[in-house]
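Scroll down for the structure; my scribbles are underneath it.
The values are calculated or read from the model by the stated rules, or taken from the named source; none is laboratory data. Worth saying up front: this structure is predicted, and the values here are computed from it rather than measured. Heads up, the Cβs are rebuilt from the backbone with ideal geometry, glycines too, and the neighbour counts pull from every protein chain shown.
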Amino acid sequence: GEDVEQSLFLSVREGDSSVINCTYTDSSSTYLYWYKQEPGAGLQLLTYIFSNMDMKQDQRLTVLLNKKDKHLSLRIADTQTGDSAIYFCAESPATYGGATNKLIFGTGTLLAVQP
Amino acid sequence: DAEITQSPRHKITETGRQVTLACHQTWNHNNMFWYRQDLGHGLRLIHYSYGVQDTNKGEVSDGYSVSRSNTEDLPLTLESAASSQTSVYFCASSESRGAKNIQYFGAGTRLSVL
């Protein structure tokens, strides 16, 4: 099946680190993505990782990928109130002969940052 | 700057009415997608298109249709609106670039079916 699972809610204090977790089921996904949705807005790509990488760092963001366990995580260092949003992980399963161009999204994790 | 726009942003309609939600992108992307967002379900794919005259069903396509007569537009039609179709609808587009599939999203349309 194509199920991407995330916990629904995470609350942190400003300045702490946030870790948002995701499990996916399709090991054929070549790339895995994190999207951010601010209130009343559409989704925006935050970062992505190629499946042959274990880790990717981009300023305050660190993505960890455990391909064996099909586990993806997003760490936000020094979390700010502006990071409050819903975070979605997504995979792009490949079909025989190439990628599907479709994304399968997780349920989303609401990150609440307390001042 | 290239963008993807959805209209209207908010819509209230009655059950049984036909409703069309517009999506227009200026990225010149081949791929376009419609999703609905519901609490506890994340985003679910309704329909998608890989180019002009191409349309495909997603996982929740019943009661919806799309048409692709040009590159820029993929309107979503609810043939006979039902209360279960009350949701937030997002349109997205992407270009075909191998296995990397970055989608760009519109701001969404909030639809209420009464």
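Quick look at the numbers
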read-out	value
Condition check for B:L76: away from chain A (no Cβ under 14 Å) and within 18 Å of A:K102 (Cα to Cα)	yes
Index of the failed condition, A:G82 passing every other in (1) within 27 Å of B:L39 (Cβ to Cβ); (2) out of contact with any Cys (no Cβ under 7 Å at 6 or more places or on another chain); (3) surrounded by 13 or more Cβ atoms within 10 Å (Cβ to Cβ)	(3)
Within segment A:65-79, tally of residues that are more than 18 Å from B:G42 (Cβ to Cβ), of a type in the set (A, V, I, L, M, F, W, C) and crowded, with 18+ Cβ neighbours inside 10 Å	2
Matching residues, segment B:86-114, being crowded, with 21+ Cβ neighbours inside 10 Å and either more than 8 Å from chain A (Cβ to nearest Cβ) or not small (G, A, S) (or both)	B:S87, B:Y89, B:F90, B:C91, B:S93, B:N101, B:Q103, B:F105, B:T109, B:L111
Single residue of segment A:44-75 satisfying the filter (of a type in the set (A, V, I, L, M, F, W, C) and more than 12 Å from the chain's Cα centre (by Cα)) that is nearest to A:L10 (Cα to Cα)	A:M55
Subset of segment B:57-73 that is in contact with an Asp or Glu (Cβ under 8 Å, 6 or more places away or on another chain) and hydroxyl-bearing (S, T, Y) - its residue that is nearest to the other protein chains (Cβ to nearest Cβ)	B:Y64
Hits in segment B:21-34 - residues which are at the interface with another protein chain (Cβ under 8 Å from one of its Cβ atoms) and at pLDDT 95 or above	B:F33
Segments classed as strands (runs of 3 or more DSSP E), wholly inside chain A, with at least 2 members that are touching a Gly at 6+ places or on another chain (Cβ under 8 Å) and within 28 Å of B:S93 (Cβ to Cβ)	A:85-91
The listed residue being over 17 Å from A:V113 (Cβ atoms), within 13 Å of chain B (Cβ to nearest Cβ) and either out of contact with any strand residue (DSSP E or B) (no Cβ under 7 Å at 6 or more places or on another chain) or surrounded by fewer than 14 Cβ atoms within 10 Å (Cβ to Cβ) (or both), out of A:F88, A:F50	A:F50
